[in-house]
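Notes follow once the structure below has been shown.
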Amino acid sequence: MWAAIALQSQISKICMRLKLPLLSILPLLLISVSTWAQTRISGKVVDMKDKPIKGASVSLDNTLDGGTTDSAGFFSFETTETGNQTLVANDATHSTMGMPLVITGAPITGLVLKMRTAVLETVTITAGSFASGGRAATVMSPLDIVTTAGSNGDVVKAMQMMPGTQQNNTDNGLFVRGGDAYEAAVIVDGIVAQSAFASGPPGVATRSRFNAFQYQGVQFSSGGYSARYGQALSAVLELNSTDLADKSNVNLGINMGGLYASGTKRWKKSSLDVGGSYTNLQPLYALASSNFNFYQVPVGGGAYARYAWTPNKNGIFKATISTTYNKSGITIPNPSSVYGDTGFMSKLGDRINYETKDKYLFATATYKQMFKTKYSLLAAVSGSYDSNSNKFGPYPLKTEEYRTQGRIEGKDFINNRLSLMVGSDVQLYGVGKQMDSFHFRKSFDEKIVSAFAEVEWTPKYWLAIRPGLRYEYSAMLKTAVLAPRFSAAIKTGPNSQASLAGGLFYQDAPNLYYLSDITKTPGMSYAAHYIANWQYSKSDRTFRIEAYHKDYQHLVREYYPNADSVFVFNRNRILNPSIGIDNTGHGYADGLELFWRDKKSIKNADYWVTYSFINTERLYENFPVLATPTFIAKHNFNVVGKYFIDKIHTNVSATYSYRTGFPYYDPTLKPLKDNFLTGTTPDYHNVALTFAYLHSFGKWFSVFYAQVDNVLNTKTVSGYRFVPDGNGVYTKQSVGPALYRTIFVGANFSLTQFSKDEL
Amino acid sequence: MKKLLLMSAIAMGALTTTKAQDFKKPLKETFEVFDTTRDQEKKMQLGNKLGLIAKKWPNEWATHYYYSLAKVGLSYQEKDEAKHDALLDEADKERDEAVAILGKENDETYVLASMIANSRMMINPMQRWQKYGKIFQDNLKNAQEANPENPRMYYFKGVTTMFTPKNFGGGKKNALPYFEKAEGLFAKEKNDDIMKPYWGKFQNTFFIAECKKEDKDN
């Protein structure tokens, strides 16, 4: 203030010298004095619950005069401004707040500004799907998968710990919400993966063909999925392959299942990966006592090459080719006695050698391009071939399967709230099955042409709608279908939202029916899904509750003359050409699922809990009456926990899985209709542990791991086999997985190119 | 007396210029103190001040650039994940604004993008390294391609290397070459024009001393 007074006296002196009337300069003087005057403004910033907000910026709009709140929410600053002003409070996690203020020169104190918590993210549709947008990205990263105890690094096995899926260790595939394994499709970069599992002996679940580290992330939809995909009654599991490799490296691994090596070369705009592996499960089976009699333990080999190229900033081309070979042999009891078969099988001995040989080749090429951040284009082609030369005793069983596909998709981001996607895909596939020396060779070729459109509209940040329509034409069945899809989400609070999803999902009948000499070719089946969920998600804690109803129609039914008294429980049965077939089968599934994931409460720990309840029945295939299938457990419960111990660089993961028993059929109980699948196997418990220790030897980064599955060595029963002795007396034999407790150890070494060129 | 008149005129003039066009002076003064102070409260205040500068001169890329930089700097101290991300959302927004005004990315905006990704990763490295580690690396690479002489890129690479556990190829020993490379490049820079970012030298010198300390212990 003294400066202003000093200046004033100076000015009056100047005026005197210049002989100017002091008054003439007075208005100017007043302005300058008021400009110099400092007005103190102070107060407090709180949230809607009156809690102080620390670090908020409080200022006069469009000036540099402002202050910052302390831990008690208090602010205080001085300004030279006067008159009508706006006081603005800013904070990263709250909505900006303004308050009009008239500054007269007198200090303004005791102001209270209330700030509302900001709604940061727009709503995302989550019903039926475990892929979410934004930062949460995908449901499971590769690291999540390999560090989940009990998954053994298998992408599909890890999904059995998500809600909606059934725990199963004797059959391949995903059993989702009452659906059979064939109802779930695995999709890699928009391309349907044919024979997702290596074939093995019956009753032995094999690994899926997907190495977790070749994918950026996994999106699992347990129903109500997008119009982009079809030909799956239940679910799709989407895998997105990695883009350009980060750096050149060499990777070597050894474990009880074999050896592998891979190398990556990174150029400026492209990268190439090549790898090879040799598998031999001898060490694994030597350590654990197998419930199967392997005369040839599973052995095999594989090789792959992957090329990625970014021709420009917003485009990427990827091409992959992979091939695998596997063989195995087990001795099994002659099933003819179980099924009461009097044909060729009964002429074989009591024990039969079952041999499998599987050759697989899969090649894909995809190109993605974004144009001016407004349009995107995806084009993909693929070809795959799978040949199984199995032997059942002396009889060869050959299956050859091929699939070629093309897909094109365009998306127009009309604005940041509205986008339109249109696309088309063509799938040509066929299967040939040969059982030389007897019966027949049968094959089919199918061509499915589809077109689809989907609109994503977020009219408000709290509302998102995604309607879609899919058209599919089957050349083999000469049938066209239209499948509408719809999903929507609405915010119910700053951290919570509700979603809906539904639609119609069509699929051809299982291959079995097109490979038989039956007189009638069954048509497509369909399922209608109705899904609703509510989700609460805040800073790495997510709770979700989801309910659904599923209605199955046009399922295939087989009619046997003796269906009232005999049921052949064999999922690999050969159809008798004389039986009747139609599409009058049906079914339903109702369920409730809970999911809780917490990455926050415990430092370095991540755990999730899932629970699924299902009530389902169906009348299909060779079922005589509506019944709950043998792969359904009413209650499924999983707890997965992971903890990283910083000090010893060790990741520990533990999983507990529980499910109630599976239904089974007891042929000793008569009549069949009243006793069909009424038995229940014992409950299933599994505890799995994984340890991974990270260490570097010079430039070599290494991981040593040990996995123990079924730690308690529980004798799991997944069903029963009833073997008749010829006099109508049955022996009850339990069916279980190939191995109970297994121990699997291994190590991985990787050498990343030292980036000297960076210096 | 004429002198006095002139002085008072200048004094009056100074009063008006603070309200008018020259953003460079307050920007330089505010950022330099922000950059060198170790007092967190003060850092927060100056960060907010940079926000006011960016708001007052919204058409200058530099005001947005420094505000974004301040947000990243502050985010490292914020342990609450939601707040941490909110700060970085703002940093992203300001950076985008700067790039939009510039019309294209340059080495400094790439380094900034890399820092944002790194900070996003650091709040929860176990969950996030895969996604943000890549964005972080890619942007450093972009910066190097745009200008291999940018010292901040090497300095930041040094910092992140230093705070990476030894078992993962980090530690002081591995970080030192980056800081030393940066030192030479910092020496060539002038620190008079706020429009040509020159920050980092002071911290770089500090880290070189830190890295060398351990060498003695070994």
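The values are calculated or read from the model by the stated rules, or taken from the named source; none is laboratory data. Here the structure is a predicted model, which means the values were calculated and not measured. Cβ coordinates were reconstructed from backbone atoms using ideal geometry, including for glycine residues, and neighbour counts include every protein chain displayed.
Screening the candidates A:F595, A:F644 for the property of being away from chain B (no Cβ under 14 Å) and surrounded by 17 or more Cβ atoms within 10 Å (Cβ to Cβ) yields one hit, A:F595. For the range A:346-367, a residue qualifies if it is assigned to a strand (DSSP E or B), farther than 20 Å from A:G301 by Cβ and either in contact with a Ser or Thr (Cβ under 6 Å, 6 or more places away or on another chain) or modelled with pLDDT under 95 (or both), and the qualifying residues are A:R351, A:I352, A:N353, A:Y354, A:T364.
Among the residues of the range B:133-185, those identified as aromatic (F, W, Y) and either under 15 Å from the mean Cα position of the chain (by Cα) or within 12 Å of chain A (Cβ to nearest Cβ) (or both) are B:F136, B:Y154, B:Y155, B:F156, B:F168, B:Y178, B:F179. Against the numbered list (1) touching a Lys or Arg at 6+ places or on another chain (Cβ under 6 Å); (2) more than 11 Å from chain A (Cβ to nearest Cβ), B:G73 comes up short only at (1). Just one residue in the set A:F691, A:F701 is in contact (Cβ under 8 Å) with a residue 24 or more places away in the chain, buried (at least 19 other Cβ atoms within 10 Å of the Cβ) and outside any helix (DSSP H, G or I); that residue is A:F701.
When A:V123 is tested against (1) without any contact (Cβ under 8 Å) to a residue 40 or more places away in the chain; (2) in a loop (DSSP other than H, G, I, E, B); (3) away from chain B (no Cβ under 12 Å); (4) not basic (K, R), only condition (1) is not met. Within the range B:165-188, residues that are more than 20 Å from A:K647 (Cα to Cα) sit with their Cβ atoms under 7 Å from residues that are small (G, A, S), at 6+ positions apart or across chains, in these pairs: B:A175/B:G158; B:Y178/B:G158; B:F179/B:G158; B:A182/B:G158; B:F186/B:G200.
If the condition is being closer than 10 Å to A:A89 by Cβ and outside any loop (DSSP other than H, G, I, E, B), then the range A:47-70 contributes A:S57, A:V58, A:S59, A:G66. Any chance the range A:551-559 includes a residue that's among the basic types (K, R) and at pLDDT 90 or above? Yes.
Using beta carbons and a limit of 6 Å, which pairs, at least six apart or on different chains, have the first residue in the range A:648-665 and within 14 Å of chain B (Cβ to nearest Cβ) and the second one hydrophobic (A, V, I, L, M, F, W, C) and not in a loop (DSSP other than H, G, I, E, B)? Listed pairs, sorted by first residue: A:H649/A:L694; A:N651/A:F644; A:N651/A:A692; A:V652/A:F691. Residue selection: A:D412 fails the criterion of being touching a strand residue (DSSP E or B) at 6+ places or on another chain (Cβ under 9 Å) and either touching a residue at least 60 places away in the same chain (Cβ under 8 Å) or under 23 Å from A:F505 (Cα atoms) (or both).
Entry remark, the range A:513-542: residues being away from chain B (no Cβ under 14 Å), farther than 30 Å from A:R573 by Cα and crowded, with 17+ Cβ neighbours inside 10 Å number 5 in total. Here A:I632 fulfils each of the conditions (1) more than 22 Å from the chain's Cα centre (by Cα); (2) part of a loop (DSSP other than H, G, I, E, B) apart from (1). Restricting the range A:55-89 to residues that are touching a residue at least 40 places away in the same chain (Cβ under 8 Å) and at the interface with another protein chain (Cβ under 10 Å from one of its Cβ atoms), the residue that is surrounded by the most Cβ atoms within 10 Å (Cβ to Cβ) is A:V58. Kindly establish whether A:A464 is among the small types (G, A, S), under 24 Å from the mean Cα position of the chain (by Cα), farther than 26 Å from A:A379 by Cβ and in the same structural domain as A:Y402 (by TED's automatic domain parsing). So A:A464 passes the test.
Taken across the range A:32-48, residues that are surrounded by fewer than 18 Cβ atoms within 10 Å (Cβ to Cβ), within 11 Å of chain B (Cβ to nearest Cβ) and either in contact with a strand residue (DSSP E or B) (Cβ under 9 Å, 6 or more places away or on another chain) or at pLDDT 85 or above (or both) do not occur at all. Being within 12 Å of the chain's Cα centre (by Cα), hydroxyl-bearing (S, T, Y), surrounded by 23 or more Cβ atoms within 10 Å (Cβ to Cβ) and modelled with pLDDT under 90 holds for only one residue in A:S141, A:S151, A:S129, and it is A:S129. Taking the numbered list (1) over 30 Å from A:V123 (Cα atoms); (2) modelled with pLDDT under 90 in turn, A:S384 passes all entries but (2).
Results for (1) crowded, with 19+ Cβ neighbours inside 10 Å; (2) under 29 Å from A:Q194 (Cα atoms), shown as yes or no for each residue.
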| residue | (1), (2) |
| --- | --- |
| A:V431 | yes, yes |
| A:E446 | no, yes |
| A:Y471 | no, yes |
| A:T492 | no, no |
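For the range A:547-554, the criterion of being aromatic (F, W, Y) and under 30 Å from A:A654 (Cα atoms) is met by at least one residue. Just wondering, is there one or more residues in the range A:222-244 that are more than 30 Å from A:A127 (Cα to Cα) and in a loop (DSSP other than H, G, I, E, B)? Yes: the range A:222-244 contains one or more residues that are more than 30 Å from A:A127 (Cα to Cα) and in a loop (DSSP other than H, G, I, E, B). Annotation note: of B:A98, B:A91, the sole residue that is in a helix (DSSP H, G or I), of a type in the set (A, V, I, L, M, F, W, C), in contact with a Ser or Thr (Cβ under 9 Å, 6 or more places away or on another chain) and more than 13 Å from chain A (Cβ to nearest Cβ) is B:A98.
Taking (1) touching a helix residue (DSSP H, G or I) at 6+ places or on another chain (Cβ under 7 Å); (2) closer than 27 Å to A:Q535 by Cα; (3) aromatic (F, W, Y) in turn, A:F444 satisfies each apart from (2). Looking across the range A:656-678, the residues that are touching a Leu at 6+ places or on another chain (Cβ under 8 Å) and part of a strand (DSSP E or B) come down to A:P663, A:Y664. Checked against (1) among the charged types (D, E, K, R); (2) in a helix (DSSP H, G or I); (3) more than 17 Å from the chain's Cα centre (by Cα), B:K104 meets all criteria but (2). Please verify whether the range A:71-87 includes one or more residues that are at positive phi, at pLDDT 90 or above and part of a loop (DSSP other than H, G, I, E, B). Yes, because at least one residue in the range A:71-87 is at positive phi, at pLDDT 90 or above and part of a loop (DSSP other than H, G, I, E, B). Of all residues in the range A:231-251, those that are within 20 Å of A:V192 (Cβ to Cβ) and of a type in the set (V, I, T) have Cβ atoms under 8 Å from Cβ atoms of residues that are modelled with pLDDT of 85 or more and not in a strand (DSSP E or B), 6 or more apart or on another chain, in A:V236/A:Y225; A:V236/A:Y229. Within the range A:676-705, take every residue that is touching a Ser or Thr at 6+ places or on another chain (Cβ under 8 Å) and of a type in the set (G, A, S) and give me the one that is modelled with the lowest pLDDT. Taking the candidates together, the pick is A:S696.
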